[in-house]
Every structure is written in structure tokens, then in C-alpha cells.
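The values are calculated or read from the model by the stated rules, or taken from the named source; none is laboratory data. Please read these numbers as outputs of a predicted model, since none were measured by experiment. Reconstructed Cβ throughout: ideal geometry from the backbone, glycine too, with neighbour counts over all protein chains shown.
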Amino acid sequence: MNEISRPNDLDAFWMPYSDNRYFKSHPRMLARAEGMTYWTADGKEVLDGTSGLWCCNAGHGRKEITEAIQKQAAVMDFAPTFQLGHPIAFEAAARVAEVTPEGLDRVFFTNSGSESADTALKIALAYHRARGESQRVRLIGRERGYHGVGFGGMSVGGIGGNRKQFGAMLPYVDHLPHTHIPTMNAFSRGQPKYGVELAGRLEDLVALHGADTIAAVMVEPMAGSTGVLVPPKDYLQRLRQICDKYGILLIFDEVITGFGRLGTNFGSERLGVTPDILTMAKGLTNAAVPMGGVAVRNGIYDAIVGGAPDGIELFHGYTYSGHPLAAAAAIATLELHRAEDLPGRAKALEPYFEEAAHALRDLPNVIDIRNIGLVAGIEMAPRPGRPTARATDVFRKCFDDGLLIRTTGDIIALSPPLIAEKSHVDRMFGTLSDAIKAAA
Ligand code: PMP
């Protein structure tokens with residue numbers, strides 16, 4: 001290719017979930033990261049208000065993690081886990097099982113949250129089949145649920161925009177209503193008061209389809225990506241009761257709520273409900289190497305593995321399940337969480353973070369604020385005729401003023417690394433407040 005026809009350097013990378021045309025005419029590049037901070041390619045400091053993408057919970061550039069990855073790369077770069085093992089994958093699973101809810105001690109490794117969602121759904125189907133209930137094929141998700149972009153997670157997920165380009169979804173999928181009731185729960189702190197009855201809609205689906213056709217219900221304990229939707233009080237408890245009554249598996253997608261985000265190892269602990277299957281990713285390796293996982297109730301593993309004839313029990317897996325570099329990163333990350341009590345730090349900072357978030361209440365166009373753990377959602381009134389434009393303006397202004405936030409629709413989400421100090425919280429909400437005023 002001669003010089004003249006060579007494409008611009010930005011052309012080749014098709015960026016995920018992005019307005020590629022806008023970005024390529026207004027690139028914002030991150031080049032370095034440490035602790036709470038990113039630096040742009042031209043050296044400007046940007047405070048990380050979103051832990052990357054809800055994932056760098058221990059802050060950036062943690063030496064303990066990067067050194068563990070380097071060391072492992074020098075010892076053994078890769079080894080398969082199909083019919084073979086390597087010790088570090090087993091150690092990583094055992095360390096994960098130390099922090100998962102009691103009784104969920106069997107861990108299947110994936111490479112992402114999307115793969116974890118699809119793996120969890122497949123395990124649920126295989127479990128019922130192993131127990132002679134192969135008619136249980138129906139999967140139930142929830143409106144505004146996000147479970148990644150595989151066909152399983154996308155189908156069970158409840159985001160119209162993510163589905164409409166791709167034609168048919170999985171069959172036999174239904175959705176519960178989402179739990180966002182702005183008229184009753186606006187500006188709630190922690191779990192909102194109203195909405196437990198929405199869990200009762202599961203009973204309606206049972207009546208409609210028959211309990212013995214339903215395999216599993218999958219929800220995020222707190223829906224992050226669709227705008228910080230905190231479950232109403234007793235909502236998850238009610239879902240748990242209904243699932244128990246009808247033999248339906250309850251799956252929690254803890255890709256965001258895992259690893260300290262809500263002030264406990266997993267969100268299920270904070271919210272007081274234990275699922276049968278729990279998915280994770282992101283914070284598992286502090287995002288230094290991609291890795292996800294699915295923890296299952298021991299009886300689910302026993303039913304699939306113990307009940308099978310000789311040979312492979314679960315026809316599912318990824319070349320990189322338990323990848324040595326990811327396993328090394330996970331072990332080092334979990335050690336950091338323990339040594340620095342990152343969930344405890346999040347819990348200690350939560351009241352201050354909550355006050356700072358709710359102090360934005362009277363700013364122009366702010367119609368709701370909600371929070372739990374170190375997550376806050378600030379909802380803006382849509383700009384007439386141009387929904388999402390207001391939040392996008394706030395995002396751009398924040399970035400240019402040195403703060404990384406995340407927006408989804410007209411909702412601004414903050415989820416800083418769990419190592420944040422009060423001074424970071426002050427800076428975050430100060431910059432955000434200025435940007436919201438500027439966007440008015
Ligand atoms: N589940 C949830 C709850 C998520 O928030 C995400 C990502 N934001 C995913 C699944 C998908 O994870 P990934 O992008 O790693 O596939």
C-alpha cells in the first residue's frame with residue numbers, strides 16, 4: 001500500500017459501543033493509569049470516577065497484580081484446561097470460592113461478563129436436564145437487565161437498543177418488569193422503599209407457563225449499566241422465595257456488584273439473598289487481564305458432574321478458561337482485596353459518597369439521584385427532541401475538566417475505585433456539578 005492510500009491511524013479499530021464517527025473526529029485518548037488517575041496521550045490528568053468500566057476496583061497499575069502477571073508469563077504463558085490442569089487455575093478458583101457466598105464453591109472460568117452470563121444460563125439448563133427435568137427450558141430476565149452481548153445474555157437482558165439490530169433472540173425467554181419507579185422512589189438512598197410487589201410478577205409467569213417449564217431467573221442484584229437501579233427493599237428476598245417454591249434457579253449477575261462495589265465481597269451479601277448461580281468478571285482480576293467466572297451451588301455441580309456417565313460432563317468451555325495470566329491476576333487481586341479490606345473501605349466511604357451525590361439534587365435538570373455502595377446514578381431530564389444529549393454534554397465537559405464519568409441514556413453513573421479518599425469524592429462531585437450547570 002503506498003503512503004497516500006494508507007488509511008488514517010484511527011480507521012482500522014472498529015470501537016465497541018461507540019459513536020465511531022464522532023470519536024474519530026474528536027478523539028479522547030487515555031495513555032497511562034495509576035491509582036485513581038488516568039493521563040491522556042497529551043499528559044492531562046483525568047480522575048477515574050468509573051473504575052475504568054466498573055472494573056478497576058483496586059485502582060490502576062497495582063504492582064502486586066502486574067508483577068504476578070509478569071512472573072506467570074515468564075513461567076508458563078498458556079496451558080489448556082481441557083482434560084489437563086495447571087495449579088494456578090485451581091488456586092484461583094479456590095481463592096474465588098473463599099469470597100463467594102457460602103455453598104457456592106464451584107467455579108467455572110470464562111473471559112468476560114458476557115461469557116459468564118451465557119455460561120450461567122447453559123449450566124442452569126444442563127442442571128435441570130441432569131435431574132430429569134429437561135422440559136425446564138424457559139429463561140426469565142428483566143426489563144433493563146444487562147447481561148452482556150452473547151445471544152443468551154442479550155436475549156435474557158432487557159435493553160431494546162441492544163436487541164433491535166439482531167433479529168430473533170433465544171426462544172422461550174420472558175421478562176419481569178424493571179424496578180425503577182420514579183414517581184415513588186425518586187432520590188432514594190440505598191434500597192428504595194417501594195416496589196417489592198414487582199417480584200410477584202414472577203408468579204404470573206409461573207401461572208402462564210407452568211412452573212415445570214421454567215429453568216432460571218437471571219437478574220443483576222443492582223442493575224448498573226442501565227442506570228443504577230437499586231432493588232426495592234425485600235424485592236430480591238421475594239424473588240428467592242418464589243424460585244424456591246417452584247424449583248426455579250436464581251442467577252445473580254454480579255459482574256458489577258462483585259468484588260467490593262457494594263461494601264461486601266458480593267452484592268448478594270449486602271442485600272441478604274444468596275443465589276444458586278452467580279456470575280462475575282471485571283473486578284475479578286482488577287481488569288488487568290480479561291477474566292470472568294461463574295460460581296454455582298455445590299449441588300448444581302454435583303448434579304451435572306456427579307450424575308453423568310463416564311466422559312465429559314458439561315460440553316462447554318473456552319480455550320482460555322483459567323488462563324494462567326488471568327489466574328495469576330485474580331489471585332493477586334483477591335489478595336489485595338483481603339489485605340487492604342477494599343470492601344470495608346467502600347463501606348466506610350459510602351455515607352460520605354452518598355451525601356456528596358445527593359448534594360447535587362437542586363442542580364438544573366437533575367430529576368433523580370440514587371446510590372448504594374460506591375455507585376451513584378444521577379438522572380437528567382432528557383433535552384426535548386434530543387434525548388441523551390444532555391448527559392453526553394456532561395460527559396464531554398467532565399472529561400475535558402479532568403473527570404471520567406459514565407453515561408447511559410440520560411443517567412450519569414459514578415463508581416470510583418474502592419481506594420478513593422474523601423478528597424477524590426469532593427473533586428468528583430465538584431467537577432460533575434460544574435458540568436451539569438454548564439449543560440443547563
Ligand atoms: N453483566 C453485567 C451486569 C455487566 O455490567 C456487564 C458489563 N458492563 C456484562 C455482564 C458484560 O460484561 P463484558 O463486557 O465483560 O462481556
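Overview of values
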{"read-out": "Any chance HIS128 is in contact with a strand residue (DSSP E or B) (Cβ under 8 Å, 6 or more places away or on another chain) and either within 13 Å of the ligand (Cβ to nearest atom) or farther than 21 Å from LEU208 by Cα (or both)", "value": "no"}
{"read-out": "Which numbered condition GLU379 misses (of (1) under 24 Å from GLY43 (Cα atoms); (2) acidic (Asp, Glu); (3) assigned to a strand (DSSP E or B))", "value": "(1)"}
{"read-out": "Selection within region 240-256 - in contact (Cβ under 8 Å) with a residue 40 or more places away in the chain, of a type outside the set (Asp, Glu) and within 16 Å of the ligand (Cβ to nearest atom)", "value": "ILE251, VAL255, ILE256"}
{"read-out": "Any strands (runs of 3 or more DSSP E) falling wholly within region 31-112 and containing at least 2 residues that are under 28 Å from MET154 (Cα atoms)", "value": "106-110"}
{"read-out": "Selected residue [small (Gly, Ala, Ser), assigned by TED's automatic domain parsing to the domain that holds ALA215, in contact (Cβ under 8 Å) with a residue 40 or more places away in the chain and more than 16 Å from the ligand (Cβ to nearest atom)] from ALA120, ALA79", "value": "ALA79"}
{"read-out": "Residue list for region 230-243, restricted to those being of a type in the set (A, V, I, L, M) and assigned to a loop (DSSP other than H, G, I, E, B)", "value": "VAL230"}
{"read-out": "Of residues in region 364-382 being buried (at least 18 other Cβ atoms within 10 Å of the Cβ) and hydrophobic (A, V, I, L, M, F, W, C), the one nearest to PRO417 (Cα to Cα)", "value": "LEU374"}
{"read-out": "Complete set of residues in region 244-267 that are outside any loop (DSSP other than H, G, I, E, B) and buried (at least 22 other Cβ atoms within 10 Å of the Cβ)", "value": "LEU249, LEU250, ILE251, PHE252, ASP253, GLY267"}
{"read-out": "Per-region count, region 47-100, residues among the polar types (S, T, N, Q) and under 30 Å from PHE399 (Cβ atoms)", "value": "4"}
{"read-out": "Test: residue in region 132-139 that is closer than 28 Å to LEU176 by Cα, within 16 Å of the ligand (Cβ to nearest atom) and not in a helix (DSSP H, G or I)", "value": "yes"}
{"read-out": "Residue selected from region 148-194 under the condition farther than 25 Å from LEU262 by Cβ and hydroxyl-bearing (Ser, Thr, Tyr), by the criterion nearest to the ligand (Cβ to nearest atom)", "value": "SER155"}
{"read-out": "Region 187-213, residues that are of a type in the set (A, V, I, L, M, F, W, C) and at positive phi", "value": "PHE187"}
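For every residue, the table says whether it meets (1) of a type outside the set (Gly, Ala, Ser); (2) under 30 Å from PRO192 (Cβ atoms); (3) assigned to a loop (DSSP other than H, G, I, E, B); (4) without any contact (Cβ under 8 Å) to a residue 60 or more places away in the chain.
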position	(1), (2), (3), (4)
GLU269	yes, yes, no, no
PRO275	yes, yes, yes, no
THR279	yes, yes, no, no
LEU284	yes, yes, no, no
PRO290	yes, no, yes, no
GLY299	no, no, no, yes
ASP302	yes, no, no, yes
